[in-house]
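A short reminder: the numbers here are calculations on the coordinates, not readings from a lab. For clarity, every value in this text was computed on a predicted model and none was experimentally measured. Counting neighbours? That spans all protein chains shown, and the Cβs are built from the backbone with ideal geometry, glycine included.
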Amino acid sequence: MDDGQLTAPPHRWASLADRLNPNRAAFDAQLKASWKSLSKVERKRIIDEDKRQIAALKARAKERLPFESDPNDHCETSPTAYEHIAPILELIARYLGKKNEDLLIYDPYFCAGSVVRHLNKLGFNVYNKREDFYQVIADDRVPQFDVLLTNPPYSGDHFDRLLQFLEDKDRPSLMLLPDYFSENKSNRYKAENYCFLNPGERYHYWTPEGMRPSDDNSKKRGHRNLMLGTRNSPFASHWYINMNPVMTNDEFISVVEESGSVTLAEGSYLYRTQEEIPKSNFKGTTTTDGTPRKKRKKKR
C-alpha cells in the first residue's frame, strides 16, 4: 500500500476490515479517525488496494512450486514462533558485529513466503524464494548466509538432507521441528549438537488457502485467518538450536541464564537436552514444571 501515514508498511499488512475494527489486533486508530474525512477518491484508492492485497494472498497457492512437494508439508510457521527466536537472532547479529537488518538469514524451504513478512516485522531480512533448495545446492547457487532458520518439510528424507547441508556449511541453525525428531529421522542427527527452545504452549501452524485440498474440502476446517490460512496444531514442536561456530551451545545458555543480555519471550524456555523438556498433551497445556495447566474459561 502507498497511503502515507494512514496505512501500515507492506510487511505489516492487514485487511482494511481488521484495521478499522477496534476489536482486532491490527486496529489502526489513526486510519479510523481519519476515515470519514478522507475524500471518496482517497477511500476508493485504499479499498481497491485492500482488494488487490486480498486477491494476492488468495492467489499464492495457484502459483505452481518448481519442485515436487507433499501437501501435508504445506504448513507455515506461526508468527509467535518467530517472536520467540528474535532475541537469539539479535544475539547472533551482535556477536557478528552486525545490525539486525544486516544479518544474513537463510530459509531454504519455500511454502508461501510468509517467513519474509513475519521476520521483516521483527526487524530482520531473510532469503526465502520460490526455488528448489536441492537444485540450488547442485547448481552451487546457495546464497551467503550467517544463520539458517527454517521449519523444514517433515516428510521423506528432507531432515537428513538438511543436516548434510549444515554439516558442509558449518553455520548456526535454528530449526523448528516436532519433539519426536531424533536419530529415527536421520542418523546424521546428534542430540549433543543442539539445545532447545520450548514454548509455554503448543505452536500453531498455518496452511495458506488452497495449498492443501483436504483442508479446503473438509467440513471440519479449523480456525481460519485471511493472512495466514487454516490453523492446525498436530503435534508438539520446539526449536532445535546449534549456535556453533559463533559460540558453543553452553556459552549460549550461559549468556541467556547469567548475563541478562538476552531476554527470552515470556513462556519460552531454553533447555540443554530434550529430556529436560516437560511433556505436553495434545493441546500443549502443561506448565513449565510439567503439571497440567488449568483450562481457561471461555468468555461468554
Check: So which trypsin sites (Lys or Arg not before Pro) in region 88-122 are both in a DSSP loop and have at most 15 other Cβ atoms within 10 Å of their Cβ?
Finding: 98, 99
Note to self: Can you tell me the length gained on complete extension of the stretch residue 43 to residue 141, counting 0.36 nm per residue apart and subtracting the Cα distance?
What the structure shows: 30.8 nm
Notebook entry, point to check: Quick one: what do you get for region 73-190 if you divide its Cα Rg by 2.2 N^0.38 Å?
Noted result: 1.03
Check: Using a ≥ b ≥ c from the Cα gyration tensor of region 124-179 (square roots of the eigenvalues), is it rounded, prolate or oblate, where a/c under 1.5 gives rounded and otherwise the larger of a/b and b/c decides, a/b for prolate?
Finding: rounded
Margin query: Under a crude label model (7 Å from the Cα following the beta-carbon direction), how far is residue 169 from residue 95 in nanometres?
Written below: 1.7 nm
Check: What ³J(HN,Hα) values, in whole Hz, does the Karplus curve 6.51 cos²θ - 1.76 cosθ + 1.60 give for region 37-51 when θ = phi - 60°, with x put for Gly and Pro?
Finding: 8, 6, 6, 4, 5, 5, 5, 5, 4, 5, 5, 5, 5, 4, 5
